[in-house]
Amino acid sequence: MSAEQKFMVMNNNLKSADLMPGSYGLPIIGELISFLTKREEFYWQKHQANGNIFKSSSLIFGKTACLAGPDANRLVFKDAADKLSSRLGNKLLEPISADSVLLKDGEAHRTNRKLILPVFHQQAIAGYFDTIQSVVTEAIADWGERGTIDLSAELHKLTLTVVVKIFLGSESTAEVQQVSEWFNTLVDSVSGVIRWDSPLTSYGRGQAARRKIADYILQVIAERAARGDLDRSTDVLSLLVNTIDEDGNKFTETQIIDQVMAFLFAGHDTTSTLMSWLLFELGNSPAWRQRLRDEQQQVMGTEPISMTHLRQLPDMTNVIKEGERLYPPAFLIARVALADIEYAGYLIPAGWFIFISPMLTHRLPEIYQNPDTFDPDRFAPPREEDKKYPYSLIGFGGGAHICIGVELAQMEMKIILSTLLQKYDWTVTPTTAEIAPVRRPFTMQKRLKATLVPLRSP
(Lines give C-alpha, C1' and ligand atoms only; values in the text may rest on other atoms or scores of the structure.)
Protein backbone atom coordinates (compact mmCIF):
# COMPACT_ATOMS: atom_id res chain seq x y z
CA MET A 1 0.00 0.00 0.00
CA SER A 2 1.39 3.40 -0.95
CA ALA A 3 1.86 6.22 1.54
CA GLU A 4 -1.06 8.05 -0.06
CA GLN A 5 -3.30 5.02 0.33
CA LYS A 6 -2.26 4.57 3.97
CA PHE A 7 -3.21 8.19 4.57
CA MET A 8 -6.63 7.46 3.11
CA VAL A 9 -7.31 4.69 5.66
CA MET A 10 -9.53 6.17 8.34
CA ASN A 11 -8.53 6.28 12.00
CA ASN A 12 -11.51 4.13 12.89
CA ASN A 13 -10.25 1.43 10.51
CA LEU A 14 -12.78 2.32 7.82
CA LYS A 15 -11.22 2.61 4.39
CA SER A 16 -11.88 5.51 2.07
CA ALA A 17 -14.39 4.75 -0.67
CA ASP A 18 -11.65 5.78 -3.09
CA LEU A 19 -9.94 2.49 -2.18
CA MET A 20 -12.87 0.38 -3.38
CA PRO A 21 -12.16 -1.97 -6.29
CA GLY A 22 -13.07 -0.50 -9.65
CA SER A 23 -12.12 2.60 -11.59
CA TYR A 24 -13.16 6.23 -12.00
CA GLY A 25 -12.29 6.19 -15.69
CA LEU A 26 -11.25 9.29 -17.61
CA PRO A 27 -11.04 12.80 -16.15
CA ILE A 28 -14.38 14.68 -16.15
CA ILE A 29 -16.44 12.15 -18.15
CA GLY A 30 -15.37 9.15 -16.05
CA GLU A 31 -16.76 5.87 -17.42
CA LEU A 32 -19.72 7.52 -19.14
CA ILE A 33 -18.86 6.29 -22.64
CA SER A 34 -18.58 2.67 -21.50
CA PHE A 35 -21.90 2.95 -19.66
CA LEU A 36 -23.75 4.53 -22.61
CA THR A 37 -22.46 1.95 -25.07
CA LYS A 38 -22.78 -1.15 -22.88
CA ARG A 39 -25.62 -0.22 -20.49
CA GLU A 40 -26.43 -3.26 -18.32
CA GLU A 41 -23.41 -5.18 -19.56
CA PHE A 42 -21.16 -2.44 -18.15
CA TYR A 43 -22.23 -3.45 -14.63
CA TRP A 44 -21.97 -7.16 -15.37
CA GLN A 45 -18.35 -6.67 -16.40
CA LYS A 46 -17.55 -4.44 -13.43
CA HIS A 47 -19.11 -6.99 -11.08
CA GLN A 48 -17.26 -9.90 -12.65
CA ALA A 49 -13.95 -8.05 -12.25
CA ASN A 50 -14.49 -6.60 -8.77
CA GLY A 51 -17.17 -8.50 -6.85
CA ASN A 52 -20.15 -7.20 -4.89
CA ILE A 53 -18.75 -3.74 -4.15
CA PHE A 54 -16.98 -1.45 -6.60
CA LYS A 55 -16.64 2.19 -7.48
CA SER A 56 -17.32 4.05 -10.69
CA SER A 57 -17.69 7.63 -11.86
CA SER A 58 -19.38 9.48 -14.71
CA LEU A 59 -20.24 12.96 -15.85
CA ILE A 60 -23.90 12.24 -15.06
CA PHE A 61 -23.65 10.77 -11.55
CA GLY A 62 -20.25 11.75 -10.24
CA LYS A 63 -18.58 9.26 -7.90
CA THR A 64 -20.64 6.13 -7.33
CA ALA A 65 -20.52 3.11 -5.03
CA CYS A 66 -22.08 0.10 -6.77
CA LEU A 67 -23.28 -2.63 -4.42
CA ALA A 68 -24.85 -6.05 -4.91
CA GLY A 69 -26.27 -8.71 -2.61
CA PRO A 70 -28.88 -8.93 0.16
CA ASP A 71 -26.74 -7.02 2.69
CA ALA A 72 -26.37 -4.09 0.29
CA ASN A 73 -30.12 -4.11 -0.37
CA ARG A 74 -30.83 -4.11 3.36
CA LEU A 75 -28.47 -1.15 3.78
CA VAL A 76 -30.37 0.92 1.23
CA PHE A 77 -33.92 -0.17 2.03
CA LYS A 78 -33.64 -0.32 5.81
CA ASP A 79 -30.44 0.27 7.77
CA ALA A 80 -29.34 3.53 6.14
CA ALA A 81 -32.62 4.51 4.48
CA ASP A 82 -32.88 7.78 6.43
CA LYS A 83 -29.41 8.81 5.20
CA LEU A 84 -30.23 8.26 1.54
CA SER A 85 -32.22 10.38 -0.92
CA SER A 86 -34.45 8.74 -3.51
CA ARG A 87 -35.31 12.21 -4.85
CA LEU A 88 -31.70 13.02 -5.70
CA GLY A 89 -31.04 9.48 -6.89
CA ASN A 90 -33.90 9.65 -9.41
CA LYS A 91 -33.42 13.26 -10.46
CA LEU A 92 -33.25 12.23 -14.12
CA LEU A 93 -36.98 11.44 -13.92
CA GLU A 94 -37.92 15.03 -12.99
CA PRO A 95 -38.92 15.92 -16.59
CA ILE A 96 -41.61 13.26 -16.35
CA SER A 97 -42.80 13.04 -12.76
CA ALA A 98 -41.61 16.39 -11.31
CA ASP A 99 -42.77 16.53 -7.67
CA SER A 100 -44.43 13.11 -7.49
CA VAL A 101 -44.13 10.56 -4.68
CA LEU A 102 -41.29 8.96 -6.66
CA LEU A 103 -39.19 12.06 -6.04
CA LYS A 104 -39.88 12.69 -2.37
CA ASP A 105 -38.01 11.77 0.79
CA GLY A 106 -38.71 11.59 4.50
CA GLU A 107 -41.92 13.02 5.90
CA ALA A 108 -43.03 14.43 2.53
CA HIS A 109 -42.76 10.94 1.04
CA ARG A 110 -44.65 9.34 3.92
CA THR A 111 -47.48 11.92 3.68
CA ASN A 112 -47.84 11.58 -0.09
CA ARG A 113 -47.65 7.79 -0.03
CA LYS A 114 -50.30 7.67 2.69
CA LEU A 115 -52.60 9.78 0.52
CA ILE A 116 -52.00 7.56 -2.49
CA LEU A 117 -52.43 4.18 -0.75
CA PRO A 118 -56.25 4.05 -1.20
CA VAL A 119 -55.71 4.15 -4.97
CA PHE A 120 -53.86 0.82 -4.73
CA HIS A 121 -55.94 -0.80 -1.99
CA GLN A 122 -57.09 -4.32 -2.84
CA GLN A 123 -60.68 -3.15 -3.30
CA ALA A 124 -59.59 -0.42 -5.70
CA ILE A 125 -57.35 -2.81 -7.63
CA ALA A 126 -60.26 -5.26 -7.99
CA GLY A 127 -62.24 -2.40 -9.54
CA TYR A 128 -59.66 -2.14 -12.34
CA PHE A 129 -60.00 -5.82 -13.29
CA ASP A 130 -62.74 -5.45 -15.91
CA THR A 131 -60.99 -2.55 -17.63
CA ILE A 132 -57.72 -4.49 -17.89
CA GLN A 133 -59.46 -7.64 -19.08
CA SER A 134 -61.31 -5.68 -21.78
CA VAL A 135 -58.16 -3.96 -23.04
CA VAL A 136 -56.16 -7.20 -23.10
CA THR A 137 -58.88 -9.17 -24.91
CA GLU A 138 -59.22 -6.49 -27.59
CA ALA A 139 -55.47 -5.95 -27.97
CA ILE A 140 -54.53 -9.60 -28.56
CA ALA A 141 -57.58 -10.53 -30.64
CA ASP A 142 -55.72 -10.48 -33.97
CA TRP A 143 -52.25 -11.57 -32.84
CA GLY A 144 -52.75 -15.05 -34.28
CA GLU A 145 -53.70 -13.63 -37.69
CA ARG A 146 -50.67 -11.40 -38.12
CA GLY A 147 -47.91 -13.96 -38.45
CA THR A 148 -44.97 -12.61 -36.50
CA ILE A 149 -45.43 -9.64 -34.16
CA ASP A 150 -42.98 -7.24 -32.54
CA LEU A 151 -43.47 -8.45 -29.00
CA SER A 152 -42.01 -5.47 -27.15
CA ALA A 153 -43.89 -2.89 -29.25
CA GLU A 154 -47.23 -4.68 -28.94
CA LEU A 155 -46.93 -5.11 -25.17
CA HIS A 156 -45.82 -1.48 -24.78
CA LYS A 157 -48.94 -0.36 -26.67
CA LEU A 158 -51.17 -2.70 -24.63
CA THR A 159 -49.86 -1.69 -21.20
CA LEU A 160 -49.89 2.02 -22.04
CA THR A 161 -53.54 1.72 -23.10
CA VAL A 162 -54.29 0.00 -19.79
CA VAL A 163 -52.72 2.74 -17.66
CA VAL A 164 -54.28 5.58 -19.63
CA LYS A 165 -57.72 4.05 -19.13
CA ILE A 166 -57.19 3.09 -15.49
CA PHE A 167 -55.44 6.27 -14.37
CA LEU A 168 -57.32 8.83 -16.46
CA GLY A 169 -60.60 7.04 -17.12
CA SER A 170 -60.27 7.77 -20.86
CA GLU A 171 -62.79 5.81 -22.91
CA SER A 172 -62.49 7.36 -26.36
CA THR A 173 -60.05 5.43 -28.55
CA ALA A 174 -58.89 8.68 -30.11
CA GLU A 175 -58.19 10.20 -26.69
CA VAL A 176 -56.28 7.12 -25.53
CA GLN A 177 -54.16 7.16 -28.69
CA GLN A 178 -53.49 10.89 -28.39
CA VAL A 179 -52.44 10.72 -24.73
CA SER A 180 -50.28 7.69 -25.54
CA GLU A 181 -48.52 9.59 -28.35
CA TRP A 182 -47.87 12.58 -26.09
CA PHE A 183 -46.56 10.33 -23.35
CA ASN A 184 -44.23 8.42 -25.68
CA THR A 185 -42.79 11.75 -26.81
CA LEU A 186 -42.25 12.74 -23.17
CA VAL A 187 -40.53 9.46 -22.22
CA ASP A 188 -38.28 9.54 -25.30
CA SER A 189 -37.15 13.05 -24.37
CA VAL A 190 -35.64 12.01 -21.02
CA SER A 191 -32.51 10.71 -22.76
CA GLY A 192 -31.94 14.09 -24.39
CA VAL A 193 -28.60 15.58 -23.34
CA ILE A 194 -29.57 19.22 -23.92
CA ARG A 195 -32.12 20.31 -21.30
CA TRP A 196 -33.45 23.34 -23.21
CA ASP A 197 -37.23 23.77 -23.30
CA SER A 198 -37.48 24.55 -27.00
CA PRO A 199 -39.19 22.85 -29.97
CA LEU A 200 -35.67 22.52 -31.41
CA THR A 201 -34.67 19.93 -28.77
CA SER A 202 -36.00 16.51 -27.84
CA TYR A 203 -36.30 17.70 -24.25
CA GLY A 204 -38.37 20.71 -25.31
CA ARG A 205 -40.71 18.60 -27.42
CA GLY A 206 -41.13 16.26 -24.46
CA GLN A 207 -42.01 19.12 -22.13
CA ALA A 208 -44.52 20.44 -24.66
CA ALA A 209 -46.12 16.98 -24.71
CA ARG A 210 -46.18 16.95 -20.91
CA ARG A 211 -48.05 20.27 -20.86
CA LYS A 212 -50.61 18.84 -23.29
CA ILE A 213 -51.19 15.86 -21.01
CA ALA A 214 -51.48 18.20 -18.01
CA ASP A 215 -54.07 20.32 -19.85
CA TYR A 216 -55.97 17.16 -20.75
CA ILE A 217 -55.98 16.02 -17.10
CA LEU A 218 -57.32 19.39 -15.92
CA GLN A 219 -59.95 19.31 -18.66
CA VAL A 220 -61.13 15.85 -17.56
CA ILE A 221 -61.36 17.00 -13.93
CA ALA A 222 -63.35 20.12 -14.92
CA GLU A 223 -65.76 18.17 -17.14
CA ARG A 224 -66.48 15.60 -14.42
CA ALA A 225 -66.95 18.32 -11.82
CA ALA A 226 -69.40 20.11 -14.14
CA ARG A 227 -71.37 16.89 -14.64
CA GLY A 228 -71.36 16.24 -10.91
CA ASP A 229 -69.96 12.72 -11.25
CA LEU A 230 -66.43 13.31 -9.97
CA ASP A 231 -67.32 11.56 -6.70
CA ARG A 232 -68.71 8.52 -8.54
CA SER A 233 -65.81 7.83 -10.91
CA THR A 234 -63.55 4.94 -9.94
CA ASP A 235 -60.44 5.66 -12.02
CA VAL A 236 -57.22 6.73 -10.32
CA LEU A 237 -57.54 10.38 -11.33
CA SER A 238 -60.89 10.75 -9.57
CA LEU A 239 -59.63 8.91 -6.50
CA LEU A 240 -56.67 11.29 -6.28
CA VAL A 241 -58.96 14.32 -6.56
CA ASN A 242 -61.23 13.03 -3.81
CA THR A 243 -58.61 11.70 -1.39
CA ILE A 244 -58.34 13.50 1.98
CA ASP A 245 -56.50 12.07 4.98
CA GLU A 246 -57.47 12.40 8.66
CA ASP A 247 -55.42 15.60 8.92
CA GLY A 248 -57.29 17.23 6.06
CA ASN A 249 -54.42 16.92 3.57
CA LYS A 250 -55.32 16.60 -0.10
CA PHE A 251 -53.49 16.92 -3.39
CA THR A 252 -53.27 20.18 -5.33
CA GLU A 253 -53.93 20.11 -9.08
CA THR A 254 -50.19 20.30 -9.76
CA GLN A 255 -49.53 17.39 -7.41
CA ILE A 256 -52.29 15.33 -9.06
CA ILE A 257 -50.71 15.92 -12.47
CA ASP A 258 -47.28 14.91 -11.15
CA GLN A 259 -48.63 11.73 -9.53
CA VAL A 260 -50.50 10.70 -12.68
CA MET A 261 -47.39 11.26 -14.80
CA ALA A 262 -45.37 9.04 -12.44
CA PHE A 263 -48.05 6.34 -12.53
CA LEU A 264 -48.24 6.42 -16.34
CA PHE A 265 -44.47 5.98 -16.54
CA ALA A 266 -44.03 3.28 -13.91
CA GLY A 267 -47.30 1.55 -14.70
CA HIS A 268 -46.63 0.72 -18.34
CA ASP A 269 -42.86 0.51 -18.74
CA THR A 270 -42.15 -2.00 -15.98
CA THR A 271 -45.04 -4.27 -16.96
CA SER A 272 -44.33 -4.30 -20.70
CA THR A 273 -40.63 -5.00 -20.15
CA LEU A 274 -41.22 -7.86 -17.74
CA MET A 275 -44.01 -9.36 -19.87
CA SER A 276 -41.81 -9.30 -22.99
CA TRP A 277 -39.23 -11.50 -21.29
CA LEU A 278 -41.80 -13.72 -19.60
CA LEU A 279 -43.29 -14.53 -23.00
CA PHE A 280 -39.76 -15.07 -24.33
CA GLU A 281 -38.99 -17.65 -21.63
CA LEU A 282 -42.37 -19.36 -21.92
CA GLY A 283 -42.17 -19.27 -25.71
CA ASN A 284 -39.02 -21.34 -25.38
CA SER A 285 -40.50 -23.68 -22.75
CA PRO A 286 -43.49 -25.70 -24.04
CA ALA A 287 -43.49 -27.75 -20.83
CA TRP A 288 -44.14 -24.66 -18.71
CA ARG A 289 -46.82 -23.37 -21.12
CA GLN A 290 -48.65 -26.67 -20.77
CA ARG A 291 -48.19 -26.73 -17.00
CA LEU A 292 -49.77 -23.28 -16.72
CA ARG A 293 -52.68 -24.33 -18.95
CA ASP A 294 -53.26 -27.42 -16.81
CA GLU A 295 -53.30 -25.22 -13.71
CA GLN A 296 -55.79 -22.87 -15.33
CA GLN A 297 -58.01 -25.74 -16.40
CA GLN A 298 -58.03 -27.12 -12.87
CA VAL A 299 -58.89 -23.74 -11.30
CA MET A 300 -61.15 -22.16 -13.92
CA GLY A 301 -62.47 -24.90 -16.15
CA THR A 302 -64.47 -23.13 -18.85
CA GLU A 303 -65.32 -20.09 -16.71
CA PRO A 304 -64.13 -16.59 -17.64
CA ILE A 305 -61.07 -15.35 -15.76
CA SER A 306 -61.90 -13.66 -12.45
CA MET A 307 -60.03 -12.08 -9.54
CA THR A 308 -60.78 -15.16 -7.46
CA HIS A 309 -59.15 -17.38 -10.05
CA LEU A 310 -55.98 -15.29 -10.18
CA ARG A 311 -55.41 -15.88 -6.46
CA GLN A 312 -55.43 -19.65 -7.00
CA LEU A 313 -52.60 -19.96 -9.53
CA PRO A 314 -49.37 -20.66 -7.59
CA ASP A 315 -47.48 -21.88 -10.65
CA MET A 316 -48.28 -18.68 -12.51
CA THR A 317 -47.29 -16.62 -9.46
CA ASN A 318 -43.91 -18.38 -9.41
CA VAL A 319 -43.45 -17.91 -13.16
CA ILE A 320 -43.94 -14.17 -12.73
CA LYS A 321 -41.52 -14.10 -9.78
CA GLU A 322 -38.95 -15.92 -11.90
CA GLY A 323 -39.44 -13.31 -14.63
CA GLU A 324 -38.90 -10.59 -12.04
CA ARG A 325 -35.73 -12.33 -10.89
CA LEU A 326 -34.19 -12.84 -14.33
CA TYR A 327 -35.38 -9.58 -15.87
CA PRO A 328 -36.04 -7.02 -13.10
CA PRO A 329 -37.92 -3.93 -14.34
CA ALA A 330 -35.02 -1.71 -13.18
CA PHE A 331 -31.48 -3.03 -13.38
CA LEU A 332 -30.26 -0.33 -10.97
CA ILE A 333 -31.86 1.42 -7.99
CA ALA A 334 -30.25 4.77 -7.24
CA ARG A 335 -29.86 6.81 -4.07
CA VAL A 336 -27.64 9.72 -3.02
CA ALA A 337 -25.93 9.69 0.37
CA LEU A 338 -27.06 12.62 2.53
CA ALA A 339 -24.48 11.72 5.20
CA ASP A 340 -21.42 9.52 5.42
CA ILE A 341 -22.35 5.82 5.33
CA GLU A 342 -20.36 2.83 6.53
CA TYR A 343 -20.56 -0.36 4.52
CA ALA A 344 -18.31 -3.42 4.19
CA GLY A 345 -15.38 -1.65 5.81
CA TYR A 346 -15.62 1.46 3.63
CA LEU A 347 -16.79 4.98 4.40
CA ILE A 348 -18.99 6.21 1.56
CA PRO A 349 -19.03 10.03 1.72
CA ALA A 350 -22.10 12.25 1.64
CA GLY A 351 -22.83 13.32 -1.92
CA TRP A 352 -21.90 10.01 -3.52
CA PHE A 353 -24.43 8.07 -5.56
CA ILE A 354 -25.13 4.57 -4.29
CA PHE A 355 -26.41 2.01 -6.77
CA ILE A 356 -27.81 -1.35 -5.79
CA SER A 357 -28.54 -3.78 -8.57
CA PRO A 358 -31.50 -6.18 -8.65
CA MET A 359 -29.99 -7.54 -11.86
CA LEU A 360 -26.75 -8.57 -10.13
CA THR A 361 -28.29 -9.71 -6.84
CA HIS A 362 -30.80 -11.92 -8.65
CA ARG A 363 -28.03 -13.86 -10.43
CA LEU A 364 -25.82 -14.57 -7.41
CA PRO A 365 -25.22 -18.35 -7.19
CA GLU A 366 -25.00 -18.18 -3.39
CA ILE A 367 -28.69 -17.23 -3.39
CA TYR A 368 -30.13 -18.87 -6.50
CA GLN A 369 -29.14 -22.31 -7.76
CA ASN A 370 -28.19 -22.25 -11.47
CA PRO A 371 -29.06 -18.54 -11.53
CA ASP A 372 -29.11 -18.14 -15.33
CA THR A 373 -31.72 -20.90 -15.72
CA PHE A 374 -35.47 -20.25 -16.01
CA ASP A 375 -36.76 -22.31 -13.09
CA PRO A 376 -39.98 -21.03 -11.45
CA ASP A 377 -40.01 -23.98 -9.05
CA ARG A 378 -37.15 -22.32 -7.14
CA PHE A 379 -39.86 -20.21 -5.45
CA ALA A 380 -42.08 -23.16 -4.49
CA PRO A 381 -41.81 -25.09 -1.21
CA PRO A 382 -39.55 -26.57 -0.04
CA ARG A 383 -36.89 -24.65 -2.01
CA GLU A 384 -38.15 -21.03 -1.68
CA GLU A 385 -34.70 -19.74 -2.54
CA ASP A 386 -35.72 -16.09 -2.22
CA LYS A 387 -36.44 -16.59 1.48
CA LYS A 388 -32.95 -17.74 2.48
CA TYR A 389 -31.84 -14.13 2.91
CA PRO A 390 -34.02 -11.02 3.31
CA TYR A 391 -33.95 -8.63 0.34
CA SER A 392 -32.97 -11.35 -2.14
CA LEU A 393 -35.77 -10.53 -4.61
CA ILE A 394 -36.07 -6.78 -5.20
CA GLY A 395 -37.37 -6.38 -8.74
CA PHE A 396 -39.98 -3.91 -7.46
CA GLY A 397 -37.72 -2.29 -4.87
CA GLY A 398 -38.11 -2.55 -1.12
CA GLY A 399 -38.53 -0.65 2.11
CA ALA A 400 -40.52 2.58 2.28
CA HIS A 401 -40.06 3.19 -1.45
CA ILE A 402 -41.21 -0.23 -2.66
CA CYS A 403 -43.30 0.08 -5.82
CA ILE A 404 -46.72 1.17 -4.65
CA GLY A 405 -48.42 -0.43 -7.66
CA VAL A 406 -46.81 -3.85 -7.46
CA GLU A 407 -50.10 -5.69 -6.79
CA LEU A 408 -51.76 -3.94 -9.71
CA ALA A 409 -48.83 -4.86 -11.97
CA GLN A 410 -49.00 -8.49 -10.88
CA MET A 411 -52.74 -8.64 -11.51
CA GLU A 412 -52.28 -7.13 -14.96
CA MET A 413 -49.53 -9.61 -15.86
CA LYS A 414 -51.67 -12.53 -14.72
CA ILE A 415 -54.58 -11.30 -16.82
CA ILE A 416 -52.36 -10.93 -19.90
CA LEU A 417 -50.73 -14.31 -19.41
CA SER A 418 -53.99 -16.12 -18.60
CA THR A 419 -55.74 -14.67 -21.64
CA LEU A 420 -52.87 -15.56 -23.96
CA LEU A 421 -52.68 -19.11 -22.61
CA GLN A 422 -56.40 -19.63 -23.21
CA LYS A 423 -56.27 -18.32 -26.76
CA TYR A 424 -52.84 -19.08 -28.24
CA ASP A 425 -49.72 -21.13 -28.27
CA TRP A 426 -46.54 -19.25 -29.22
CA THR A 427 -42.85 -19.30 -29.91
CA VAL A 428 -40.37 -16.42 -29.64
CA THR A 429 -37.20 -15.57 -31.51
CA PRO A 430 -34.33 -15.22 -30.86
CA THR A 431 -34.43 -18.45 -28.87
CA THR A 432 -32.87 -19.05 -25.47
CA ALA A 433 -30.20 -21.15 -27.18
CA GLU A 434 -29.22 -18.13 -29.27
CA ILE A 435 -29.08 -15.36 -26.66
CA ALA A 436 -29.25 -16.79 -23.12
CA PRO A 437 -28.03 -15.79 -20.64
CA VAL A 438 -29.40 -12.36 -21.52
CA ARG A 439 -27.12 -9.66 -20.16
CA ARG A 440 -28.70 -6.64 -21.89
CA PRO A 441 -32.48 -7.14 -21.66
CA PHE A 442 -33.44 -3.48 -22.06
CA THR A 443 -31.52 -3.30 -25.32
CA MET A 444 -32.33 -6.76 -26.64
CA GLN A 445 -36.06 -6.77 -25.95
CA LYS A 446 -36.64 -4.83 -29.17
CA ARG A 447 -35.38 -7.90 -31.06
CA LEU A 448 -38.06 -10.20 -29.66
CA LYS A 449 -40.54 -11.48 -32.25
CA ALA A 450 -43.43 -13.78 -31.40
CA THR A 451 -45.40 -16.13 -33.61
CA LEU A 452 -48.80 -17.01 -32.13
CA VAL A 453 -51.03 -19.88 -33.21
CA PRO A 454 -54.71 -19.93 -32.15
CA LEU A 455 -55.65 -22.91 -30.00
CA ARG A 456 -58.46 -25.14 -31.18
CA SER A 457 -61.61 -24.87 -29.11
CA PRO A 458 -62.29 -28.03 -27.07
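The values are calculated or read from the model by the stated rules, or taken from the named source; none is laboratory data. Given the structure is predicted, the values throughout are model-derived calculations rather than measurements. Because the Cβ atoms are built from the backbone with ideal geometry, glycine has one as well, and the counts that use them run over all protein chains shown.
Side notes on the structure shown:
- Taking first residues from the range 287-298 that are crowded, with 18+ Cβ neighbours inside 10 Å and partners that are among the small types (Gly, Ala, Ser), the Cβ contacts under 7 Å between residues at least 6 apart in sequence or on separate chains come to Gln296/Ser418.
- Just one of (1) over 28 Å from Phe442 (Cα atoms); (2) under 19 Å from the mean Cα position of the chain (by Cα) fails for Phe77. It is (1).
- Looking only at residues in the range 347-365 that are out of contact with any Leu (no Cβ under 9 Å at 6 or more places or on another chain), of a type outside the set (A, V, I, L, M) and surrounded by fewer than 19 Cβ atoms within 10 Å (Cβ to Cβ), the one that is farthest from Gly399 (Cα to Cα) is Pro365.
- Pairs linking a residue in the range 438-458 that is within 20 Å of Glu324 (Cα to Cα) to a residue that is among the aromatic types (Phe, Trp, Tyr) and at pLDDT below 95, with Cβ atoms under 8 Å and 6 or more positions apart or on different chains, are Pro441/Phe331; Phe442/Phe331.
- Hits in the range 113-159 (condition: closer than 18 Å to Leu240 by Cα and without any contact (Cβ under 8 Å) to a residue 24 or more places away in the chain): His121, Gln123
- Scanning the range 379-399 for residues that are touching a residue at least 60 places away in the same chain (Cβ under 8 Å), outside any loop (DSSP other than H, G, I, E, B) and buried (at least 18 other Cβ atoms within 10 Å of the Cβ) returns Phe379, Asp386.
- Positions within the range 332-346 being part of a strand (DSSP E or B) and surrounded by fewer than 17 Cβ atoms within 10 Å (Cβ to Cβ), in sequence order: Glu342
- Hey, Thr131 out of contact with any Leu (no Cβ under 8 Å at 6 or more places or on another chain), at pLDDT 90 or above, within 25 Å of Asp235 (Cβ to Cβ) and among the hydroxyl-bearing types (Ser, Thr, Tyr) or not: yes
- Enumeration of residues in the range 29-71 that are closer than 18 Å to Asp18 by Cα and of a type in the set (Asp, Glu): Glu31
- Scanning the range 57-79 for residues being modelled with pLDDT of 95 or more, of a type in the set (Val, Ile, Thr) and under 27 Å from Ile194 (Cα atoms) gives a total of 1.
- Within the range 310-327, the residues that satisfy the criterion of being out of contact with any helix residue (DSSP H, G or I) (no Cβ under 6 Å at 6 or more places or on another chain), buried (at least 24 other Cβ atoms within 10 Å of the Cβ) and either not hydrophobic (A, V, I, L, M, F, W, C) or not in a helix (DSSP H, G or I) (or both) are Glu324, Arg325.
- Taking the criterion of being over 22 Å from the mean Cα position of the chain (by Cα) and touching a residue at least 24 places away in the same chain (Cβ under 8 Å), the residues of the range 196-212 that qualify are Tyr203, Gln207, Ala209, Lys212.
- Hey, Leu292 closer than 19 Å to Ser152 by Cα and outside any loop (DSSP other than H, G, I, E, B) or not: no
- Of all residues making up the range 243-260, the number that are closer than 17 Å to Arg211 by Cβ and among the charged types (D, E, K, R): 2
- Residue that is surrounded by the most Cβ atoms within 10 Å (Cβ to Cβ) [pool: residues in the range 225-274 that are in a helix (DSSP H, G or I) and free of Cβ contacts under 8 Å to residues at least 24 places away in the same chain]: Val241
- Single unsatisfied condition, Ser457 versus (1) modelled with pLDDT under 95; (2) under 23 Å from the mean Cα position of the chain (by Cα): (2)
- Only one of the numbered conditions (1) at pLDDT 95 or above; (2) of a type outside the set (Phe, Trp, Tyr); (3) surrounded by 21 or more Cβ atoms within 10 Å (Cβ to Cβ); (4) more than 30 Å from Glu41 (Cβ to Cβ) is violated by Leu408, and that is (1).
- The condition of being within 25 Å of Gln48 (Cα to Cα) and either modelled with pLDDT of 95 or more or of a type in the set (Val, Ile, Thr) (or both) holds for only one of Ile348, Ile320, that being Ile348.
- Identity of the residue in the range 295-309, assigned to a helix (DSSP H, G or I) and of a type in the set (Val, Ile, Thr), that ends up nearest to Pro358 (Cα to Cα): Thr308
- Residue satisfying condition, being within 22 Å of Pro358 (Cβ to Cβ), small (Gly, Ala, Ser), part of a helix (DSSP H, G or I) and more than 19 Å from the chain's Cα centre (by Cα), within set Ala72, Ala108: Ala72
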